[in-house]
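Asks: One structure is given below, represented as structure tokens, and several questions about it will come after.
The values are calculated or read from the model by the stated rules, or taken from the named source; none is laboratory data. Given the structure is predicted, the values throughout are model-derived calculations rather than measurements. Note: ideal-geometry Cβ built from the backbone for every residue, glycine included; neighbour counts use all protein chains shown. Please note that ligands, DNA and RNA were not included when accessible areas were found on the heavy atoms of the full protein model with its side chains. Shrake-Rupley method; radii C 1.70, N 1.55, O 1.52, S 1.80 Å.
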Amino acid sequence: MDPRAFYDELADRYDLMYADWDASTARQGRALDALLTAGLGPGPHAVLDSACGIGTQALGLAALGHRVTGADLSPVSVTRAAREAGRRAVALPVVTADMRALPFEDAAFDAVVCADNALPHLLTPEDVHTALAETLRVLRPGGLLLLSTRPYDELRRTRPRSEAPHVREGADGRTVTFQLWHWHPDGERYDLELFQLLPSGDTWTTRTSSTTYWALPQERTAEFARQAGFRDTRWHAPQDSGFHQPVLAARRPAP
């Protein structure tokens with residue numbers, strides 16, 4: 001399943017992967033806000049979330065006062081992100097867009113967030129370079145990229161075949177989410193199968209989705225960023241940033 005179809009199909013139940021999606025949205029927003037403040041000074045800042053999905057990071061940042069624009073390949077996801085913003089009474093303009101062809105003017109944003117393992121959906125060096133070059137283009141000189149992925153240095157060493165189940169307790173019952181990973185022979189890419197068991201009366205309904213990722217190590221990801229024109233690349237570990245994944249901070253050089 002290509003990434004657009006994967007997230008279109010998942011959009012109505014993406015939040016069920018979290019024990020408490022609202023709390024996670026607020027927590028991730030605070031962690032990213034701290035990185036923005038460290039890199040750019042006090043906000044608010046004009047921020048593009050270039051893979052916003054249903055708004056997990058964008059909503060948290062918007063609630064803290066940042067001027068956030070959400071973009072995502074999945075039209076179903078951005079429609080839900082806009083609906084969630086309305087429910088919270090925060091401003092979040094959204095657009096359906098591929099991160100390899102962003103529909104924004106040059107130097108339009110102070111910062112770009114590309115979080116939650118979005119970049120590894122791109123499976124070739126050419127696509128990764130194109131996406132990072134587009135990100136650089138829409139950043140103002142001195143602007144900041146915050147990009148998070150899974151901890152792929154460790155994951156490529158261990159090649160896990162699954163992720164432990166997560167259980168969400170909701171008003172309508174429990175939802176169980178788990179993943180199976182199928183590594184390709186190259187040792188770099190893997191197919192992910194996402195399973196969700198949803199309560200349905202006295203029984204369960206099973207929903208499945210699948211997609212493919214490129215497990216890029218941190219230094220190779222940083223090198224792609226440098227090749228695209230970014231400077232001052234630095235990884236922030238979860239224990240330091242408070243974000244749930246490693247975050248690469250990189251800057252568009254100032255004149």
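Asks: Students often get this wrong: which residues of the stretch 191-216 have the backbone nitrogen under 18 Å from the point 7 angstrom along Cα-to-C-beta of ALA171?
Replies: Flagged as within label range: 199-201.
Asks: Separate question: Give the separation of the Cα centroids, the stretch 1-22 to the stretch 24-83, in Å.
Replies: A separation of 17 Å, based on Cα centres.
Asks: Sticking with this structure for a sec: If the convex hull of the alpha-carbon atoms of the stretch 36-104 is projected onto planes in all directions, what is the mean projected area in square nanometres? Kindly include the intermediate steps, with their values, before the conclusion.
Replies: On the way: hull surface 17.5 nm².
That works out to 4.4 nm².
Asks: What is the Cα centroid distance between the stretch 96-147 and the stretch 174-205, reported in whole angstrom?
Replies: Centre-to-centre (Cα) distance: 28 Å.
Asks: Same structure, new question: When only Cα pairs under 8 Å and 6 or more residues apart are kept, what is the percent relative contact order across the chain?
Replies: Working: 547 pairs, mean separation 48.3, N = 255.
After rounding, I find 19 percent.
Asks: Would you mind listing how long the stretch 143-221 runs along its three principal axes, going by Cα atoms, in whole Å with the largest first?
Replies: Here the Cα extents, ordered largest to smallest, are 48, 38, 18 Å.
Asks: Report in % the part of the accessible area of the chain that belongs to carbon and sulfur, leaving out ligands and nucleic acids; probe 1.4 Å. It would help to have the intermediate numbers written out before the result.
Replies: On the way: 5890 of 11300 Å².
Exposed carbon and sulfur together represent 52 percent of the surface.
Asks: Over its Cα atoms, what ratio of radius of gyration to 2.2 N^0.38 Å does the stretch 200-255 give?
Replies: Numbers: Rg = 18.4 Å, N = 56, 2.2 N^0.38 = 10.2 Å.
My calculation over the Cα atoms of the stretch 200-255 gives 1.81.
Asks: Any idea how far apart ASP191 and ARG30 come out in nm if each label point goes 7 Å out from Cα toward Cβ?
Replies: 4.1
Asks: Got a sec to turn the phi values of the stretch 153-169 into Karplus ³J(HN,Hα) couplings, 6.51 cos²θ - 1.76 cosθ + 1.60 with θ = phi - 60°, whole Hz, x for Gly and Pro?
Replies: 3J(HN,Hα) across the stretch 153-169, in whole Hz: 4, 6, 5, 6, 6, 9, 6, x, 9, 7, 10, 4, x, 10, 10, 10, 8.
Asks: Let's test the formula: R0 of 30 Å, r as the Cβ-Cβ distance of TRP181 and ALA23. What FRET efficiency results, to the nearest 0.05? Show your work: numbers first, answer last.
Replies: Values: r = 27 Å, r/R0 = 0.89.
So, using R0 = 30 Å, E works out to roughly 0.65.
Asks: Also, quick follow-up: So if I restrict to the alpha-carbon atoms in the stretch 109-255, what is the Rg, and what is Dmax, the biggest pairwise distance, in Å?
Replies: So, for the stretch 109-255, Rg and Dmax equal 17.9, 64 Å respectively.
Asks: In units of 2.2 N^0.38 Å, what is the alpha-carbon radius of gyration of the stretch 1-61?
Replies: Values: Rg = 13.5 Å, N = 61, 2.2 N^0.38 = 10.5 Å.
Output field value: 1.28.
Asks: Please give the peptides 151-164, 18-31, 45-58 ranked by average Cβ packing (other Cβ atoms within 10 Å per residue), highest first, as a rough proxy for protection. The partial results should precede the final answer.
Replies: Working: 151-164: 12.6, 18-31: 16.9, 45-58: 27.0.
Descending packing order for the listed peptides: 45-58, 18-31, 151-164.
Asks: Using only the Cα atoms of the stretch 73-169, what semi-axes does the equivalent ellipsoid have when each is the square root of 5 times a gyration tensor eigenvalue? Give whole Å, largest first. Write down the numbers at each step before the final one.
Replies: Working: eigenvalues 135, 99, 32 Å².
The answer is 26, 22, 13 Å, longest axis first.
Asks: For the chain, with every protein chain kept in place, what is the accessible area per residue (1.4 Å probe, Å²)? Mind showing how you got there, number by number?
Replies: Numbers: 11300 Å² over 255 residues.
The answer is 44 Å² per residue.
Asks: So, one more: Taking amide hydrogens as modeled 1.01 Å from N in the peptide plane, which residues meet the under 5 Å criterion relative to GLY142, leaving out close sequence neighbours?
Replies: ARG252, ALA254
Asks: Along each principal axis of its Cα atoms, how long is the chain end to end? Whole angstroms, biggest number first, please.
Replies: 63, 47, 33
Asks: Take peptides 166-175, 76-85, 216-225 and line them up by average Cβ neighbours within 10 Å, highest first, as a rough protection proxy. Each step should come with its number before you reach the end.
Replies: Numbers: 166-175: 12.3, 76-85: 20.4, 216-225: 18.4.
So the peptides 166-175, 76-85, 216-225, ranked by packing, come out 76-85, 216-225, 166-175.
Asks: Okay, next question. Given bins 5 angstrom wide, list per bin the percent of all Cα-Cα distances in the stretch 9-127, short to long.
Replies: With 5 Å bins starting at 0, P(r) equals 2, 12, 23, 25, 21, 12, 5, 1.
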